[in-house]
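Novice: Here it is, the structure, as structure tokens.
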Amino acid sequence: MTREEKHEKVEFTVKCEMKKRWAIQFLSMLKYMQQLGSMGRSRKVTFYADGDGDFRPKFEFNVDIESNAKPITDNDGDRTYDAG
């Protein structure tokens with residue numbers, strides 16, 4: 001990826017359907033990510049996806065960009081992605 005591509009902005013919408021109790025947690029995570037960005041702080045933000053429970057999100061995206069980034073760590077499926 002070129003320097004210009006790294007700084008290119010893209011606007012997109014994610015449509016999501018999930019149970020309300022998960023949505024509250026998910027939205028809180030997104031708000032915290034936004035807060036960290038506005039403060040210029042780097043932190044790890046984790047969302048526990050309980051696949052053997054009732055966490056069954058459905059996502060739709062309206063953007064046509066590459067979305068197969070490799071995680072920087074993958075420990076038995078516990079993945080960390082880094083956009084920095």
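Novice: Restricting to DSSP H runs of at least four residues, report the calculated mean residue ellipticity at 222 nm for the chain, -39500 (n - 2.57) per run over all residues, nearest 500 deg cm²/dmol.
Specialist: Working: 2 runs with 25 residues, N = 84.
After summing the helix terms and dividing by the residues of the chain, the value is -9500 deg cm²/dmol.
Novice: Another question, if that's okay. For the chain, count the residues as N, evaluate 2.2 N^0.38 Å, and divide the Cα radius of gyration by that value, please. Provide the component values of the computation, followed by the final result.
Specialist: On the way: Rg = 14.7 Å, N = 84, 2.2 N^0.38 = 11.8 Å.
Rounded to two decimals, the normalised Rg is 1.24.
Novice: State the answer as a single residue: which of Trp22, Ala83, Ala69 lies farthest towards the positive end of the charge dipole of the stretch 17-84, with beta carbon charges of +1 for Lys and Arg and -1 for Asp and Glu, about the Cα centre.
Specialist: Trp22
Novice: Follow-up. Across the chain, how many lysine pairs separated by 8 or more positions, or lying on different chains, have Cα atoms within less than 17 Å?
Specialist: Details: Lys6/Lys70; Lys15/Lys31; Lys15/Lys58; Lys19/Lys58; Lys20/Lys31; Lys20/Lys58; Lys31/Lys44; Lys44/Lys70.
Here the count comes out as 8.
Novice: Net charge within 12 Å of Leu36 by Cβ-Cβ distance, Lys/Arg positive one each and Asp/Glu negative one each, not counting Leu36 itself? Provide the component values of the computation, followed by the final result.
Specialist: On the way: positive: Lys31, Arg41, Arg43, Lys44; negative: none.
Charge balance in the 12 Å sphere: +4.
Novice: With +1 on each Lys and Arg Cβ and -1 on each Asp and Glu Cβ, how big is the dipole of the chain about its Cα centre, in debye rounded to the nearest 20?
Specialist: On the way: 15 positive and 15 negative charges, 99 e Å.
Dipole size: approximately 480 debye.
Novice: If you don't mind, there's one more thing I want to ask. May I ask you to evaluate 6.51 cos²θ - 1.76 cosθ + 1.60, the Karplus curve with θ = phi - 60°, for each residue of the stretch 40-56 and list the ³J(HN,Hα) values in order in whole Hz, giving x for glycine and proline?
Specialist: x, 10, 10, 9, 7, 10, 10, 10, 7, 9, 7, x, 8, x, 10, 7, 9
Novice: Let me ask something additional. Percent relative contact order of the chain, based on C-alpha pairs within less than 8 angstrom and at least six residues apart? Provide the component values of the computation, followed by the final result.
Specialist: On the way: 50 pairs, mean separation 29.0, N = 84.
Over the chain, the number comes to 34 percent.
Novice: Read phi for every residue in the stretch 18-29 and hand back ³J(HN,Hα) as whole Hz from Karplus 6.51 cos²θ - 1.76 cosθ + 1.60, θ = phi - 60°, with x for Gly and Pro.
Specialist: So the Karplus estimates, Gly and Pro as x, are 7, 5, 4, 5, 6, 4, 4, 5, 5, 5, 4, 5 Hz.
Laboratory data are not the source of any read-out in this text; all were calculated from the coordinates shown. It should be emphasised that the depicted structure is a prediction, and the values quoted were computed from it without experimental measurement. Note: ideal-geometry Cβ built from the backbone for every residue, glycine included; neighbour counts use all protein chains shown.
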